[in-house]
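Just below is one structure, and these are the notes that go with it.
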Amino acid sequence: MSREFALPGTRPKFGPDRVVDIQHLALVLEVDPKAKRVSGTVTLRAQVIDPTARALELDAVELEIASVVVDGIAAAFRHDGKKLVVELTPGGGERSIAIAYRGSPRRGLYFIAPDEGYPDKPTQVWTQGQDEDSRFWFPCFDAPNEKATSEVTVTVPANLFALSNGTLVSDHTEGDQRTLHWRLDVPHSCYLVTLAIGDFAAIETTWRDVPVVYYVQRGLEAACERTLARTPRMLELFSNQFGVPYPYPRYAQVFVADFIFGGMENTSATTLTDTVLMDERAALDYDIDALVAHELAHQWFGDLVTCRDWGEGWLNEGFATYAEYLWREAYEGRDAADLELEEWAESYFGEDSGRYRRTIATKLYDEPIDIFDHHLYEKGGRVLHMLRHYLGDDAFFASLRHYLTKHRLGSVESRDLARAFEDATGKNVDWFFSQWVIDGAGHPELDVRFTYDPERAMVTTTVEQTQKVEGHTPLFRLPTTLRFQVQGSDVDVPVEIVDRKHVFHTRLDGAPTQLIFDPGRVLLATVKVDKPEPAWIAELHGATIAIDRASAAAALARRGGPVPERALAEALDREPTWSGRAAAAAGLATIRSTSARDRLIEALGREANPRTRRAIARALGEFVHDEVAGVALAGIVAQGDASYFVEAEACLALGKVRSPRAGELLREAAKRESFTDVIRQHAYRGLAEARDDGATSLLLEGTRWGHPTQGRRAAAGALAQLVRGRRDREARDVRERVELLLGDRDFRVQAAAIEALAVIGDPAAVGALRRLIERELDGRLRRRAREVIRDLEEGAPQADELRRLRDEVGELRTLAGGLRERLEVLEARDAPVAKTKVVKAVVKAKAKPGAKKSKPGAKKSKSKSKSR
């Protein structure tokens, strides 16, 4: 069973009491980028809720409070460095609280400047308030359920610009100072108040009558336009699908350096990391549409309607994640969008099995940031996808419109969403929210078996839930569909699973060629399916939905043998979608015969789509110690590829194959500059996969300050892989160097160092991890460090033994592939008639007229930075 999410000592968290309702927040600031200081006044206009209250408690961390004035009169206050308590005179009505303060924030407000390692870095200042970090740069009631209109008046050096929420009221320069005044008249939570200061170029466009503006460091305008070009189309799509037009007077996006997330949905003014700015080569087979759509969708889900407390944060993040799917579905079609679902499932399943299991909505956390995980984002998105399919599109989107309209400008809990669906559709979905969101954790584990009785023309489908029903993991209620293809047409049969085991009998008009459980893989479940091999082959070549064809490819690969191999080779050649061809390539890699390898190499030479070529290169990496595969991969690494990502994947695969040329070629590849440093990252990982102990010095150098952050993180991970499980002097030296990275100035490198120490597996790292916990403000680092300490102290299995076993399994699989080929020859010699019948059956099934396949998917962002 998965671990519990809550660490020892964790207590439930609830929102703070409110004695006043803050209606307007006004900041008047002076920001000094050189001194890394902020000073000014925040004025809160509030309506009294509790007229007997004698004090107002606000959040103000590591700020110097100069004075507090209430209704024009100096007020007494207490400040302990975290909480600011302002004394009030009892009574009702409206109050004005003005707080003068200054500070040099370590969180919330970030100062970026050139230094010895990065002399070309721009001078910038930007904020990041979510989840509870606005308190580090201005005194506030730092809870998501407190909403107010806002204005920010900020003075900065005259050569810089400052962006904030809403519309620009005024902008004037006097001497060497520039003052800008922004105002937003739509109430929003204080974690969404933003400030981004820098020497930005502005690119202006519109959607309907709404200004849409992109800000970026000067000189990067072309990359900015290339990266954000589809924003107006997203605004149109979401305004229509959500049933509420974009609710703010302006939409801005600004790229900043060293941002600690992929993006942040500040109301009307999203912040994005500049690492995703695409050059022309990156745009060949990459986009960041998922990130852009995610942050834009938050303007409705999170900003307009906000979770009441962070334990309900999935109402923000689950919807924003699902909006990624909605955009991809509208822009490229369902087949491309379904790839998003599969990636989300993999992320969630990995966290559930490898780290912990929890309910999506929870009060049990130490800090709000703890729950910003794959349960909140990816599982939340998958849950909404299931709900959409259960209700149908019309009912689902009508319910969203009702939810957004009813709770506009308000704060919500999961039960509010459930009630909105019930109000709009008449369906009570409490059972759904109970098992998937509020009370239940985990997911169904299903065993499915199809059999066909030709005499009765009846399919028997047996479905069994095999997950352990314990803790928060329930027996699930699962509405789904059985799909049979009969005489070239899909026949869908709705069923509902509620018990441990069900047997469904379906009478058909003829023998089915396809037998699909849950077409489109809508359910968030692990599913094992037993069906005749010809059905898998028919589905590989003819299932209506591409993800079902990919599922068939994986199943045939697990079965192995000459017939599945030929079917996969045919799919690699003829499948219309790039993702389907990629699935066929992965299947051939699982089979690992020399003929499968040769088919992959042949396809690599003729395949035009770079996303499929990337998958083929990855597949060739499974042929460990195979010289022919190594030669093919070495050619790509040596000569390069039009796609950054194909070249990068070939680097990693070359290391996995352990080609004799890996060390030489990967060292050269590690010198190449690329988008997000992707080639260097994969070259480093390839050196580790190749067990190139001589690469230690190169990798240690790769971690140094001054190198690209993505490569630094990859170098730390590769070092850990090289020495994992070892306790010799070199391993100790590597561990100590990685421990130094725990104090790095780059948060992302710190996080990579924690993961590297987990891989190394040496309990001697516990002391360094404890010191990080004591000094760090970032809750993500503290949480993960605590988990790694727990694992190290409990004693994880020896990593070197696991590595040895993995390699032995890989070599045995290669040997098994060769043995299968020999068996194929013998079977062909002894029973040629039987084999001919099988092949004809496959061709006949494929030739029948069926439902039209979906068109190939277009560009897919395989790896994106984590959004908020």
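The values are calculated or read from the model by the stated rules, or taken from the named source; none is laboratory data. Everything quoted here is computed from the prediction, not taken from an experiment. Glycine gets a Cβ as well: all are built from the backbone with ideal geometry, and neighbour counts include every protein chain shown. Accessible surface areas use protein heavy atoms only, side chains included; no ligands, DNA or RNA. Shrake-Rupley method; radii C 1.70, N 1.55, O 1.52, S 1.80 Å.
Taken across the stretch 402-420, residues that are in contact with a Cys (Cβ under 8 Å, 6 or more places away or on another chain), in a strand (DSSP E or B), open to solvent by 40 Å² or more (accessible area, probe 1.4 Å) and among the polar types (S, T, N, Q) do occur, with at least one present. Among the criteria (1) closer than 18 Å to T526 by Cβ; (2) in contact with a helix residue (DSSP H, G or I) (Cβ under 8 Å, 6 or more places away or on another chain); (3) not charged (D, E, K, R), the one Q485 does not fulfil is (1).
The set of residues in the stretch 129-166 being of a type in the set (F, W, Y) and part of a loop (DSSP other than H, G, I, E, B) consists of W137, F138, F141. Residue check: is S399 within 18 Å of the chain's Cα centre (by Cα) and at pLDDT 95 or above? Considered against the rule, which asks whether it is within 18 Å of the chain's Cα centre (by Cα) and at pLDDT 95 or above, S399 comes out as no.
Considering the stretch 220-231, and only residues there that are buried (at least 22 other Cβ atoms within 10 Å of the Cβ) and of a type in the set (A, V, I, L, M, F, W, C), the residue that is farthest from A398 (Cα to Cα) turns out to be C224. Scanning the stretch 102-128 for residues that are assigned to a loop (DSSP other than H, G, I, E, B) and open to solvent by less than 10 Å² (accessible area, probe 1.4 Å) yields a total of 2.
This table checks each residue for (1) of a type in the set (F, W, Y); (2) free of Cβ contacts under 8 Å to residues at least 24 places away in the same chain; (3) closer than 15 Å to A756 by Cβ.
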position	(1), (2), (3)
R667	no, no, no
V678	no, no, no
G686	no, no, no
T696	no, no, yes
T703	no, no, yes
A715	no, no, yes
A718	no, no, yes
D728	no, yes, no
V734	no, no, yes
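Is it the case that some residue within the stretch 482-496 is aromatic (F, W, Y), in contact (Cβ under 8 Å) with a residue 40 or more places away in the chain and either surrounded by fewer than 21 Cβ atoms within 10 Å (Cβ to Cβ) or on the phi < 0 side of the Ramachandran plot (or both)? No - not one qualifying residue is present in the stretch 482-496. The set of residues in the stretch 292-340 that are among the aliphatic types (A, V, I, L, M) and either over 28 Å from A148 (Cβ atoms) or not in a helix (DSSP H, G or I) (or both) comprises L304, V305, L326, A330, A336, A337, L339.
Of the residues making up the stretch 341-355, those that are surrounded by fewer than 19 Cβ atoms within 10 Å (Cβ to Cβ) and in a helix (DSSP H, G or I) are E342, E343, E346, S347, F349, G350, S353, G354. Just one residue in the set L524, L515, L572 is at pLDDT 95 or above and touching a His at 6+ places or on another chain (Cβ under 6 Å); that residue is L524. The set of residues from the stretch 673-696 being over 17 Å from R618 (Cβ atoms) and over 27 Å from the mean Cα position of the chain (by Cα) comprises R691, D692, D693, G694, A695, T696. Summed over the stretch 661-682, residues that are at negative phi, open to solvent by less than 20 Å² (accessible area, probe 1.4 Å) and either at pLDDT below 95 or part of a helix (DSSP H, G or I) (or both) total 8. When the stretch 232-255 is filtered for residues that are surrounded by fewer than 20 Cβ atoms within 10 Å (Cβ to Cβ) and under 23 Å from W182 (Cβ atoms), the ones remaining, listed by number, are P232, P245, P247, P249, R250.
Close contacts from the stretch 640-652, counting a first residue that is more than 18 Å from A718 (Cβ to Cβ) and touching a residue at least 60 places away in the same chain (Cβ under 8 Å) and a second that is of a type in the set (K, R) and surrounded by fewer than 21 Cβ atoms within 10 Å (Cβ to Cβ), with Cβ to Cβ under 8 Å and a gap of 6+ residues or different chains, come to A642/R281; S643/R281; Y644/R281; F645/K862. Filtering the stretch 732-747 to residues that are among the acidic types (D, E) and surrounded by 20 or more Cβ atoms within 10 Å (Cβ to Cβ) leaves only E739. With the checklist (1) in a helix (DSSP H, G or I); (2) of a type outside the set (K, R); (3) open to solvent by 20 Å² or more (accessible area, probe 1.4 Å) in hand, flag the one item H625 doesn't pass. Single failed check for H625: (1). Scanning the stretch 156-205 for residues that are farther than 20 Å from T271 by Cα, in contact with an Asp or Glu (Cβ under 8 Å, 6 or more places away or on another chain) and either in contact (Cβ under 8 Å) with a residue 40 or more places away in the chain or open to solvent by 60 Å² or more (accessible area, probe 1.4 Å) (or both) turns up P157, N159, V169.
The residue list R775, R729, R704 contains one member that is open to solvent by 30 Å² or more (accessible area, probe 1.4 Å) and within 30 Å of W310 (Cβ to Cβ), which is R775. Do you know which of the residues in the stretch 448-475 that are assigned to a loop (DSSP other than H, G, I, E, B), closer than 25 Å to L515 by Cα and open to solvent by less than 50 Å² (accessible area, probe 1.4 Å) is modelled with the lowest pLDDT? Selected residue: A457.
Being more than 17 Å from L109 (Cα to Cα) and under 15 Å from the mean Cα position of the chain (by Cα) is the filter here, so list the residues in the stretch 253-289 that pass it. Answer for the stretch 253-289, where residues must be more than 17 Å from L109 (Cα to Cα) and under 15 Å from the mean Cα position of the chain (by Cα): V276, D287, I288, D289.
Each residue in the stretch 435-447 was checked for being surrounded by fewer than 16 Cβ atoms within 10 Å (Cβ to Cβ) and within 19 Å of L376 (Cα to Cα), and 1 pass.
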